[in-house]
Amino acid sequence: MPDLSRPNAPKIIAVANQKGGVGKTTTTINLAAAMAEAGKKVLVVDLDPQGNASTGLGIEVDDREFTTYDLILGDVALTSVVTPTATPGLAIVPATVDLSSADIELISNEKRSFLLHDALRQPEMDIYALDYILIDCPPSLNLLTVNAMIAADSVLVPLQSEFFALEGLSQLMLTIREVRQSGNKDLRIEGIVLTMYDTRNNLSLQVEQDARDNLGELVFATRIPRNVRVSEAPSFAMPVLTYDTASKGAQAYRALAQEVLTKNMKTAA
Ligand code: ADP
Ligand code: MG
């Protein structure tokens, strides 16, 4: 539900899957870059203590003075944590390993599940005139991920085309249901995107078939192909859209961005 008191509030999407290595960070970085390329103002919130999204968007560890930890638990100005990236229109709140202690510190905090929610809705956020906030979640269903889901309007789920991919989804869906009951009743599923897709691999085809049979409309039409340029880009500290703008991976993320933008145009109308 849009917040009627703040008609221009950004849409907040949590990119989540409790499995590691399924393409959460890659999807966050490149979907955000593709949205920015399409003219949107986008903020990535790195909510994984591994800080891969921060590295992938070119923020070196030494330059991460204030981080997501400060955003949710600290008392620093928003302008100190929102860091511009080399991609026009795309900023990031970076993360470092100190975020792993936040998970524990949160337990003793009364507002523990709502800290990110509140941080992203502070009035100072309006100066950035954001259209989208994408949250890169850690590979677990811990308190950080719950914070993301409480803060978010929707969850976008990367699904790697491999065995047992769908089994993991039922646990994620359960968590989404619990979050709906406990503090964010309007949480939606933005969609499920097949990642590291290989048309020559029967397993990819099988996973796609199962996903479309079981989840129907929730599965994005766009599939993200396995593409070496996508995996190389982070070591050059840039999105694949910049690293190799004509690559299959870059094109796929542009198509995914168009799907998300179109979907949200419809719901806004
Ligand atoms: P997660 O954030 O879910 O742990 P990552 O986005 O870090 O997953 O991806 C895991 C690994 O797979 C990384 O090494 C990444 O570069 C690689 N990878 C992700 N998507 C692709 C892709 N479309 N093609 C090739 N490699 C990919
Ligand atoms: Mg990751």
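A few comments on the model shown:
- Note on the chain: GNM, Cα springs under 10 Å; of S108, S161, S231, the largest mean-square fluctuation is that of S108.
- Computed from the Kirkwood radius of its Cα pairs, the Stokes-Einstein diffusion coefficient for the stretch 1-104 at 25 °C and 0.890 mPa s stands at 170 µm²/s.
- Under 15 Å, Cβ to Cβ, from V42 - net charge with Lys/Arg +1 and Asp/Glu -1: -2
- Computed helical MRE - 222 nm, the chain, DSSP H runs ≥ 4 contributing -39500 (n - 2.57), nearest 500: -12500 deg cm²/dmol
- Between the stretch 139-163 and the stretch 6-33, the alpha-carbon center distance in angstrom: 9
- Taking only alpha carbon atoms, the chain gives an Rg to Rh ratio of 0.94, where Rh is the Kirkwood radius.
- The stretch 88-112 and the stretch 207-234 have Cα centres lying 28 Å from one another.
- Debye log10 I(q)/I(0) for the stretch 120-181, one point scatterer per Cα, at q = 0.20 Å⁻¹: -0.87
- Of all DSSP beta bridges in the chain, antiparallel share, percent nearest 5: 5
- Taking other C-beta atoms within 10 Å as the exposure proxy, S204, S182, S170, S54 rank S170, S182, S204, S54 from fewest upward.
- Least to most buried among F114, F163 (fewest other Cβ within 10 Å first): F163, F114
- The residues neighbouring M196, those whose beta-carbon lies less than 9 Å from its own, together hold a net charge of -1 under the Lys/Arg +1, Asp/Glu -1 convention.
- Calculated over the stretch 112-269: convex hull of Cα atoms, volume per residue (Å³): 143
- Going from the fewest other Cβ atoms within 10 Å to the most, the residues K40, K185 appear in the order K185, K40.
- Calculated log₁₀ intensity ratio I(q)/I(0) where the Debye formula runs over C-alpha points of the stretch 150-223, q = 0.12 Å⁻¹: -0.34
- Efficiency of FRET between K185 and L205 - r from beta-carbon atoms, R0 25 angstrom, step 0.05: 0.10
- Extent of the stretch 214-269 along its three principal axes (Cα atoms, max minus min coordinate, largest first): 38, 27, 16 Å.
- Among the listed pairs K41/K185; K11/K41; K40/K263; K40/K266; K11/K185, those beyond 19 Å (Cα-Cα): K41/K185
Only the coordinates and a few stated rules stand behind these numbers; no lab work does. What you see is a predicted model; the values in this text were computed from it and never measured. Note that we place each Cβ from the backbone using ideal geometry, even for glycine, and neighbour counts take in every protein chain shown.
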